[in-house]
Structures are given as structure tokens and as C-alpha cells.
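Peer 1: Sending over a structure as C-alpha cells; questions will come in a sec.
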Amino acid sequence: MTDGATAAAHETGDGPNSGRRTAVSDAGLEEERRVLALAPVAPPARGRYGDHPEQVYDLWPGDGPLVILLHGGFWRYDRTHLTPLAAHLAGHGFAVALPGFRLSGGTGGYPETFDDVALALDTIPGGRPYVLAGHSSGGHLALWAGARGLLPPESPWFTAEPPPAVLALAPVADLTATVRDGLSDDAALQLLGGPGHIEDRLPLTDPITLVRTAGTTGVPTVLLHGEADEEVPPAQSTAYATAHADAELLLLPGTGHYTPIEPGAEACRTMIDALKRLSRD
């Protein structure tokens, strides 16, 4: 809870993290409403990375460093709420691709969501160097994609060419803890297909499980997490950074879950600095 704030139960609504079980402070609710109320921004261009109707991406083209941006919403909600950030990054000189993918509770979940993210990353860059960034459950998918080289070689998601660099914003880095804590009304259980599938599917989809085995993904990785995050515990990022020898953790005091994706916020400026550094490196 934010200091001095009154805990308030979050009623189910239309936001990406609606349906949560836990109480959220008034400050947390205000942050969520403020950021998610930003008007969507239409992209200058759109493209396709596959034949399925949801295998599409929004594109802000340019000659600057390419960022592929994976949206959050606990694997259930679409990418619209991240278009203001994509446009903001474009204004700072980045080329930005914002993929859609099949969503949990609809046509996605295991394995389709992972199929789509793998296909998008194997297709959209077209050989161009890029930084993979993701927020919340998109941060989970970014960390997972960074660990695809640790998957069994027979896995359809294995690749010997993982993303050149990963930036995870308030990420779901630990699916085991997410299942245990029932975050967002058991969103991780829904993603994986229910309790009966946890044992066999979690080792292939959980970033921290994958990296603990190897000690590193070999991919430069930065995690940025607000210390006042009430949606995804910052302890998840701390644990992941401890397990990953090549990961850097930036903890932001007084920062909640959504502020890192709020254009113009100090946390968003910190994120842009990290993107620029990863792009140079």
C-alpha cells in the first residue's frame, strides 16, 4: 500500500488488470485510471506476421533503434492501452512495433499465446537489431522470449537467436509465485490451462524457472519495477535478477505498476534511458 492511503477493493471493470482479488490503495486506483484513460493513438502503419487474424502489429516506422513492445493485461487484454507509449517512444527517435497476439480466455493461452510471440519475434525484425520490451504480463513474455535458447531443442519455441536485449517493465517474472498468489483472479492458471497442466507447462513458460537452471540467458536484460507496485510484487523482479547473472534491476521508489508506461512520467524517462542504453550496447 502507498503510505497513508486507504485500501480500497477494486471492482471488476474494463481495465487490463480488472478482476483482481487483492485490495488496492486509493493511490493505486488513481494511477491505474489515469494511465489507462489516455486516449489510444492510431499507428501510422500496420503489418502482419502470420495468417491468423490476431497475428498483426502496429508500426511506428523510423530509422532509429527498433523496439518491439509487448503489452500487458495479464494475457487477457489487447494492445490498445499501450499505443500512447508506442507513439511516445516514436517521438524519442525509436521505431516501434506493437504486436497483437492471441489472448488467454479467447483464442489464446497455452500454447497459442507463446506460438504468436515466438513467431512475431522471428518475423517482424527482418534481421534488424532490436530491443524487446514488455510491461506486466508483456514483461513475462519478453523475459520468456529472452530465455527461448534455454528451452529443450525439440521445443517449437526454441531458438539459437533470442532477442539481442530485453527490457522488462513491472514484469510477471515468476509464474509459480503468480499462481500461488492468484494474481488477477488466477490469470496464470487461465493462461496455462488450469491446475492440471501446471506441472508440465510451467517449466517451459516460467522465466525464473528457465533461468535458474542455467544461471543466465546470455541476453542483456534490464528489469524496471516500482517499489509501490500493487499489481505485480516487486519481489518477483528481485528474485529474477538474483537468478540471472546478466540482469540489472532498477527499483523505483514511490512508483506504481502503471507509471513506467505513462508518457512524460519520471519512471517513463528512466525506461527510455534504459532503452537507449540497451540499443547502443
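The values are calculated or read from the model by the stated rules, or taken from the named source; none is laboratory data. Keep in mind it's a predicted model, so treat the numbers as computed, not measured. Please note: Cβ atoms are built from the backbone with ideal geometry, for glycine as well, and neighbour counts cover all protein chains shown. Quick note on the areas: whole protein, heavy atoms, side chains included, nothing else; ligands and nucleic acids left out. Shrake-Rupley method; radii C 1.70, N 1.55, O 1.52, S 1.80 Å.
Peer 1: Given a 1.4 angstrom probe, I'd like the percentage of the accessible area of segment 17-112 that is carbon and sulfur, rounded to a whole number.
Peer 2: The value for segment 17-112 is 53 percent carbon and sulfur by accessible area.
Peer 1: While we're looking at this one, here's another question. Of all the accessible heavy-atom surface of segment 147-252, with the other protein chains kept in place and a 1.4 Å probe, what percent is carbon and sulfur?
Peer 2: 55 percent
Peer 1: Can you work out the accessible area per residue across segment 135-213, with the rest of the protein chains kept in place, probe 1.4 Å, in square angstrom?
Peer 2: For segment 135-213, the solvent-accessible area averages 35 Å² per residue.
Peer 1: In sequence order, what are the phi-derived ³J(HN,Hα) couplings for segment 264-274 according to the Karplus relation 6.51 cos²θ - 1.76 cosθ + 1.60 with θ = phi - 60°, rounded to whole Hz, with x for glycine and proline?
Peer 2: Once θ is set to phi - 60°, the couplings for segment 264-274 become x, 5, 4, 5, 5, 5, 4, 4, 5, 4, 5 Hz.
Peer 1: Pick from Pro195, Pro162, Pro260: which residue has the top mean-square fluctuation in a GNM of the chain where Cα pairs under 10 Å get a spring?
Peer 2: Looking only at Pro195, Pro162, Pro260, the biggest GNM fluctuation is shown by Pro195.
Peer 1: Next question, about the same structure. Pull up all non-local amide H partners of Glu248: gap of 5 or more, or a different chain, and H-to-H distance under 5 Å with H placed in the peptide plane.
Peer 2: HN-HN under 5 Å from Glu248: Thr221, Val222, Leu223.
Peer 1: Take every DSSP beta bridge whose two residues both sit in the chain, then give the antiparallel share in percent to the nearest 5.
Peer 2: Counting only bridges with both partners in the chain, antiparallel ones make up about 35 percent.
Peer 1: With θ taken as phi - 60° and the coefficients 6.51, -1.76 and 1.60, list the Karplus ³J(HN,Hα) couplings across segment 124-135 in order, rounded to whole Hz; mark glycine and proline as x.
Peer 2: 4, x, x, x, 7, x, 7, 10, 8, 10, x, 10
Peer 1: Related question: I need the phi-derived Karplus couplings for segment 227-232: 6.51 cos²θ - 1.76 cosθ + 1.60, θ = phi - 60°, integer Hz, Gly and Pro marked x.
Peer 2: These are the phi-based 3J(HN,Hα) values: 5, 9, 5, 9, 9, 10 Hz.
Peer 1: With the convex hull built on the Cα atoms of segment 30-100, state its orientation-averaged projected area in nm².
Peer 2: Over all viewing directions, segment 30-100 projects a mean Cα-hull area of 5.2 nm².
Peer 1: When the convex hull of the C-alpha atoms of segment 161-222 is computed, what volume per residue in Å³ does it have?
Peer 2: Enclosed volume per residue, from the Cα hull, is 100 Å³.
Peer 1: What is the set of long-range amide H partners of Thr255 at a cut-off below 5 Å, with H atoms built 1.01 Å from backbone N?
Peer 2: Amide H neighbours of Thr255: Glu227, Ala228.
Peer 1: Could you state the number of Å between the C-alpha centres of segment 237-281 and segment 145-170?
Peer 2: Result: 20 Å between the Cα centres.
Peer 1: Quick one: order Ile208, Ile124 from most to least accessible surface, probe 1.4 Å.
Peer 2: Ile124, Ile208
Peer 1: Here is a follow-up. So how exposed is Thr176, as accessible area in Å² (1.4 Å probe, rounded to 10)?
Peer 2: 70 Å²
Peer 1: Ok, one more. When only Cα pairs under 8 Å and 6 or more residues apart are kept, what is the percent relative contact order across the chain?
Peer 2: 17 percent
Peer 1: Tyr110: accessible area at probe 1.4 Å, nearest 10 Å²?
Peer 2: Rounded to the nearest 10, that gives 60 Å².
Peer 1: Related question: Gly106: net charge of surrounding residues, Cβ under 15 Å, Lys/Arg +1, Asp/Glu -1, itself excluded?
Peer 2: Here the charged neighbours net out to -2.
Peer 1: Let me ask you something else. Given H placed 1.01 Å from N in the peptide plane, which residues other than close sequence neighbours of Leu66 have an amide H under 5 Å from its amide H?
Peer 2: Correct list: Ala95, Val131.
Peer 1: Over the chain, what number does the Rg to Rh ratio reach, with both radii from the alpha-carbon atoms and Rh per Kirkwood?
Peer 2: On the Cα set of the chain, Rg over Rh gives 0.93.
Peer 1: Moving to a separate point now. Once every DSSP H run of n ≥ 4 in the chain is given -39500 (n - 2.57) and the sum is divided by its residues, what mean residue ellipticity at 222 nm do you get, rounded to the nearest 500 deg cm²/dmol?
Peer 2: -10500 deg cm²/dmol
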